[in-house]
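*Asks:* The structure's right below; bear with me while I get my questions together.
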Amino acid sequence: MKRFLITSVVLLATISLVFAIFQMPMWPSLQLTAQGAFGDRFGITRTLVKTIPLLTAGLGMVIAWRAGAYNIGGEGQFIIGSVAGAWMAKTMMSLGSVGAAASYAVLAVCVLGGAMYAALAGWISFRRGLSPVIVTILLNFVASQVLDYAVRGPLQEDTHAVPLTQTLPQSMMLARFDPQLDLHSGIYITIAAMLAAQVFLFRTRKGFQIRLVGASPQAARSAGLNEVRLKLLAMALSGGLCGLAGGLEYLGLAGQIGVSSSQNWGFLAIPVAVLGGLTPLGCGLSALFFGSLFAGSQQLARFSNSGSTLIYVMQGLAVLAFVMIEARNKRLEPAGEV
Amino acid sequence: MATWDSVASLLRYSSPVALAAVGETVVEVSGIINIGLEGMMLAGAYAAVVGSLQTGNPWIGVLYGVGAGIAFALVNCLVLVYLRVDQVLAGTAMNLLSLGLTSTLFRARFGQSGQLISAPEISRFAGVDVIIIGLAVLVLGLHFLIRRSGWGLALRACGEYPSAARASGYSVEMLRCSALLIGGLFGGLAGAYLSIGIAGSFAENMTSGRGFVAIALVTFGRWRTPWVLAAALLIGYAESLQYSLQGTSSIPYQFFLALPYLIALAVLVFVGKGAIAPESLGNTELEVG
């Protein structure tokens, strides 16, 4: 609760600070942002549609980072997940299966693709005692080339004119609540994933072991836990969630993938997870918050030329302030208390 | 048929990443990984264009760019060295901050669409400019400093085993700050070169991942500045190949673009970080003993 309060104060302070720095009228700016995010059903849809990938990939970051596995390859896992899904979709379509079952098969392959890609990063890192940071950066580049190859090569749409995959038939897309709105039933999957992640991390033995490995590898080792295996599990789950995020964007929104399919969701998931206090429910709140900022900030263009890019400033400042406060608190804590 | 022109253009196009990677090498040798390099380059690129446009003198622009990089590095000193914030997190935050700031300021100054602006460019001689020549000199100089000087020895100790450096009477904090400042200088210069050395302009998020390429190259170049420079040139060469190979080769050109990263990964798989990688890289724990 205290954490929630601190975070909220930090976020509000940063937002006001950013408006002040860029000389935007404070109250109207806030009002416009809120209106753009929640004002009508279009606004709410915009917010939720942005929240889905942020939350799904953010959950992935929560699980990996809890295990002390600094996965910054969410982007690559998102991409590989959607490429694997597009491949599966093409296979299913050539078999003539285009129903809801095919759609869930595609989603499952997305999860699997992301999970395997993250597990690969984990395997390379942990067997040599490396941090996954460098390995996941390297694999992000490989992933974007794989995507480029896939959408210009084997998975390109039938006319071979543009670097995109074939658009999925409507029957394979996730159901929409309203044909006018972009909101799709993937949001149920995301919410289910959030609840499952919360139960897994805080109510199961494996979840506890994962948190222990992250909080104190030494304690985990002396308790006889297999550190490498637990971190690998955390990486695979993390990648699976990032792959799921890719799959939901693919099946829920676009229906096709292209070279610029991922709008940095894999990277943006990191601040979402951190400001959510590295808990799945907290991550839900912070994803909703940032989703609404993304949706609302487009309206800000009325006051300044900038508008939507301000959100990166807010995110960056908020994370920086948050981790600096945390670092200070850690220092003031008596030694030995973790 | 490697004519001089193609060599010069390879040097030019590889330079931003090479500069950034060489700076990052110094930072990593001291035991810190600067994930915020991408943002640092972006800040340098924007500042350089502003400086160049304001004064009409590209060299002032370069100074602005370097200044932005160093300002960025000073924040890093506070956050990474003194507050010991998690380096991945702080870097991610700095990247976002820089992306947001440069895009917002750019739009505020040059309009929503960011119509094409052209800043005065650096003059060159036979396709090569002072910065490229300086890069070669600096790489060798830094290699010598890191490997042969007392400062370099102490810096490497910070990266390997900070307690030992501290026990010998060095200030780990000061040494790491010095490395970060050098990294900032190079990062800012890299951005400046990208915007006013090559593009002659600025665009939102114009670094588009080059900072991360640079971080990857440090691993590929095994934490040695000459090797890192060679790695940067190799990447530049692979990128230039894609146009000539498109359609003519049975191997997809994307494979060549991914190759440097695959090689770096293979090296990590087969030799791990070995004895070469700084042992305490990225470690924020207070050293024991």
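*Asks:* Got a sec? Which of B:E121, B:E24 is acidic (D, E) and touching a Leu at 6+ places or on another chain (Cβ under 7 Å)?
*Replies:* B:E24
*Asks:* Is it true that B:L89 is over 22 Å from the mean Cα position of the chain (by Cα) and either buried (at least 17 other Cβ atoms within 10 Å of the Cβ) or touching a residue at least 60 places away in the same chain (Cβ under 8 Å) (or both)?
*Replies:* No, not satisfied.
*Asks:* Kindly indicate whether B:V49 is under 18 Å from B:P226 (Cβ atoms) and either part of a helix (DSSP H, G or I) or more than 14 Å from chain A (Cβ to nearest Cβ) (or both).
*Replies:* no
*Asks:* Let me ask something else. Restricted to segment A:120-177, and to residues that are assigned to a helix (DSSP H, G or I) and polar (S, T, N, Q), which residue is farthest from B:E239 (Cα to Cα)?
*Replies:* Our first condition is that a residue be assigned to a helix (DSSP H, G or I); within segment A:120-177, this holds for A:120-126, A:132-152, A:170-172.
Right, trim to polar (S, T, N, Q) and you get A:125, A:136, A:140, A:144-145, A:170-171.
Numbers: A:S125: 27, A:T136: 21, A:N140: 17, A:S144: 14, A:Q145: 12, A:Q170: 39, A:S171: 40 Å.
For segment A:120-177, the residue satisfying everything is A:S171.
*Asks:* Can you tell me which residues in segment A:1-20 are surrounded by fewer than 16 Cβ atoms within 10 Å (Cβ to Cβ), within 24 Å of B:R107 (Cα to Cα) and in contact (Cβ under 8 Å) with a residue 24 or more places away in the chain?
*Replies:* Listed by number, the residues that qualify are A:A13, A:L17.
*Asks:* Are any of the residues in segment A:247-264 assigned to a loop (DSSP other than H, G, I, E, B), within 23 Å of A:V142 (Cα to Cα) and of a type in the set (V, I, T)?
*Replies:* Yes, some residue in segment A:247-264 is assigned to a loop (DSSP other than H, G, I, E, B), within 23 Å of A:V142 (Cα to Cα) and of a type in the set (V, I, T).
*Asks:* Hey, another quick one. Can you find, within segment A:283-313, the residue that is nearest to the chain's Cα centre (by Cα) among those that are at pLDDT 85 or above and farther than 23 Å from A:L183 by Cβ?
*Replies:* Out of the qualifying residues, it is A:Y312.
*Asks:* Mind checking which residues of segment A:270-285 are surrounded by 21 or more Cβ atoms within 10 Å (Cβ to Cβ) and part of a helix (DSSP H, G or I)? Talk me through it step by step, then tell me what you get.
*Replies:* The first filter runs over segment A:270-285 and keeps only residues surrounded by 21 or more Cβ atoms within 10 Å (Cβ to Cβ), leaving A:270-276, A:280, A:282-284.
The answer is A:I270, A:P271, A:V272, A:A273, A:V274, A:L275, A:P280, A:G282, A:C283, A:G284.
*Asks:* Within the group A:V213, A:V199, which residue is hydrophobic (A, V, I, L, M, F, W, C), buried (at least 16 other Cβ atoms within 10 Å of the Cβ) and at negative phi?
*Replies:* It is A:V213.
*Asks:* With A:L120, A:L130, A:L139 as the choices, which residue is within 14 Å of another protein chain (Cβ to nearest Cβ), crowded, with 16+ Cβ neighbours inside 10 Å and without any contact (Cβ under 8 Å) to a residue 12 or more places away in the chain? It would help to see each step written out before you state the result.
*Replies:* On the way: A:L120 fails: without any contact (Cβ under 8 Å) to a residue 12 or more places away in the chain; A:L139 fails: without any contact (Cβ under 8 Å) to a residue 12 or more places away in the chain.
Going through A:L120, A:L130, A:L139 in turn, the sole match is A:L130.
*Asks:* Take B:S240 and decide whether it is touching a Ser or Thr at 6+ places or on another chain (Cβ under 8 Å), part of a helix (DSSP H, G or I), surrounded by fewer than 19 Cβ atoms within 10 Å (Cβ to Cβ) and among the hydroxyl-bearing types (S, T, Y).
*Replies:* yes
*Asks:* Okay, moving on. Checking B:G197 against (1) over 19 Å from B:S98 (Cα atoms); (2) within 12 Å of chain A (Cβ to nearest Cβ); (3) assigned to a helix (DSSP H, G or I), which test does it fail?
*Replies:* Among (1) over 19 Å from B:S98 (Cα atoms); (2) within 12 Å of chain A (Cβ to nearest Cβ); (3) assigned to a helix (DSSP H, G or I), B:G197 violates only (2).
*Asks:* While we're looking at this one, here's another question. Just checking, does segment B:271-284 include any residue being within 10 Å of chain A (Cβ to nearest Cβ), at pLDDT below 85, assigned to a helix (DSSP H, G or I) and crowded, with 16+ Cβ neighbours inside 10 Å?
*Replies:* no
*Asks:* Hey, can you tell me all the residues within segment A:170-190 that are surrounded by 14 or more Cβ atoms within 10 Å (Cβ to Cβ) and in contact (Cβ under 8 Å) with a residue 24 or more places away in the chain?
*Replies:* Those that are surrounded by 14 or more Cβ atoms within 10 Å (Cβ to Cβ) and in contact (Cβ under 8 Å) with a residue 24 or more places away in the chain: A:M172, A:M173, A:L174, A:L181, A:D182, A:L183, A:H184, A:S185, A:G186, A:I187, A:I189, A:T190.
The values are calculated or read from the model by the stated rules, or taken from the named source; none is laboratory data. Just so it is clear, the structure is predicted and the values come from calculations on it, not from any experiment. Note: ideal-geometry Cβ built from the backbone for every residue, glycine included; neighbour counts use all protein chains shown.
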